[in-house]
Amino acid sequence: MMRATVSLWFLVFAGFACNYMIRINLNIAIVDMTTAKSGGRSILMCGNTDNSTYGLNLTVGKDVVVKKTDFEWKDSERASVLGSFYWLHWALQLPGGLLARQFGAKCIFGFSNLFMFVMSLLMPVLARWDIKGLIVARVLQGLVGGMAWPSVHHLTAHWVPPNKRSKFITAYLGSSIGVAFTFPFCGFILENWGWPYVFYVTGAIGMVWFLAWWLLVYDTPSQHPYISEVELVHITSSLTDVVSTTKLPIPWKAVLTCVPFWIALSIQWSTGWALHTLMTQTPTYLVLMFGWNPEKIGLWSGIPHFTRFLFSLVLSFVIDSLMATGKYSRTCVRKISTNICTVVQALLIVALVYSGCDQFLVNGFLLLAMTASGASTSGPLSIMVDLSPNFASVLQGFSGITGVIPGMISPFVLSYFTNDNNTLESWQHFFALSGVIIAIPGLLYNFFGSSELQLWNNPIPENDPESVVTNGNSTAKI
């Protein structure tokens, strides 16, 4: 049994769960902090529009709630609050990968998450002080938290054999379980204790994870004091030809002129737009459509992320099994996953918003759209490690920059369409545009993409053009 690798999987899984718990706790808390408006009044796009109760506590039916909130923010201010996490989230993506190469993923992933947890504890005080203080705190969370994803790619490249990569990278979708847990859990907190406790409780949970991470994680198998000899030999022997044991010079020219790399970046933009749009806007959309209470919104916002994770597990086993047969290339199986999380998901997102006020269809397509995005672990998230395990953290730095920019932009694009006048038609225009943005990169990958190991993964040292590099050691050409 690969006990050390399994324990690492669970700790990475829990780390991403906590990371996303902090990332999206505001997305559900905001439905209790302020209310979306249309023409200066609280509205429901599927009826029950109220013209006379602005600023009053009002319950309409069993699950429909329009109530007084602590803050009166315009759509543009809501967009700033929701999008501010991503304004500088890109800035430390590439440095995060480089720092992981220098100091190890244990340090970078651990402390970037810890900073986010500490800032979460300060959110209620800052929000009551001034909206600008809340925005600054979210910007800082996003900035430092940007180091998390690329640093873990460095860990994956040094711990996981190529034919088990898809399975291990399902740990990254601890993010989905974090979201699936956070939405209903925070909905419960909102109903019973109020929005400040959303930030207190999630921050405290994150602190507990950090202690476990710091005590139990090691950057490489050889550093692990309790790994079995069998597991150590299995891992190191499988990585001998693809991962260097020494720090290689980064072949910047080869990376930046690599067509498969740029196609992979476009897919990250696509999946980033899909994930951040659904994750950020779903609670607000369900409030505006049906006026549900926070607990019900949390439940229906969270369930799709749980099915996303389950689908990622099933598909990763299928993809790895297909590769193990030797009948299919790595590029071929990555195309299967990539099409599911781009083209298929785009169609489902458009279907969601054009389902009108049918609660069954809206929630059904939301469930299917988020589930389809689970294919990203065996598709886009694996491609960067496929192309170059030696420089996976660097490639993921670029990938992270590309993938988070949509999270910064999409709230403002939505704000442009709604313009303080939330209507079903304005949301339909926004989601139709989103469908196009999500689908095109996936189609491009079918024609121009690749997931095969690149020659520049093992660059020839400049001072010895007659040598090749194998496992970090130069050997003479014959």
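Beta carbons closer than 8 Å, at least 6 apart along the sequence or on distinct chains, pair a first residue in the range 249-263 that is within 12 Å of Leu453 (Cα to Cα) with a second that is open to solvent by less than 30 Å² (accessible area, probe 1.4 Å) and of a type outside the set (A, V, I, L, M, F, W, C) for Pro260/Gly449; Pro260/Ser450; Pro260/Ser451. Quick check: is even one residue across the range 409-416 under 29 Å from Ala100 (Cβ atoms) and either surrounded by 21 or more Cβ atoms within 10 Å (Cβ to Cβ) or in contact with a Ser or Thr (Cβ under 6 Å, 6 or more places away or on another chain) (or both)? Yes.
Selection over the range 445-456 of residues that are part of a helix (DSSP H, G or I), surrounded by fewer than 16 Cβ atoms within 10 Å (Cβ to Cβ) and not polar (S, T, N, Q) gives a count of 3. Being modelled with pLDDT of 80 or more, buried (at least 24 other Cβ atoms within 10 Å of the Cβ) and touching an Asp or Glu at 6+ places or on another chain (Cβ under 7 Å) is the filter here, so list the residues in the range 159-193 that pass it. Listed by number, the list holds a single entry, Gly187.
Please find, within the range 69-103, the residue that is farthest from Ile409 (Cα to Cα) out of those that are in a loop (DSSP other than H, G, I, E, B) and open to solvent by less than 60 Å² (accessible area, probe 1.4 Å). This residue is Thr69.
Taking every residue in the range 1-22 that is closer than 18 Å to Tyr226 by Cβ and pairing it with any residue that is acidic (Asp, Glu) and open to solvent by less than 10 Å² (accessible area, probe 1.4 Å), at least 6 positions away or on another chain, the pairs with Cβ-Cβ distances below 6 Å are Met2/Glu231; Ala4/Glu231.
Checked against (1) buried (at least 18 other Cβ atoms within 10 Å of the Cβ); (2) over 21 Å from Tyr172 (Cβ atoms); (3) of a type outside the set (Phe, Trp, Tyr), Thr338 meets all criteria but (2). Considering (1) in contact with a helix residue (DSSP H, G or I) (Cβ under 9 Å, 6 or more places away or on another chain); (2) more than 24 Å from Ile401 (Cβ to Cβ), the lone condition that Gln281 does not fulfil carries the number (2).
The values are calculated or read from the model by the stated rules, or taken from the named source; none is laboratory data. Since this is a predicted model, take the numbers as computed values, not measurements. Cβ: placed from backbone, ideal geometry, glycine included. Neighbour counts: every protein chain shown. The accessibility values were calculated without ligands, DNA or RNA, using every heavy atom of the protein model including side chains. Shrake-Rupley method; radii C 1.70, N 1.55, O 1.52, S 1.80 Å.
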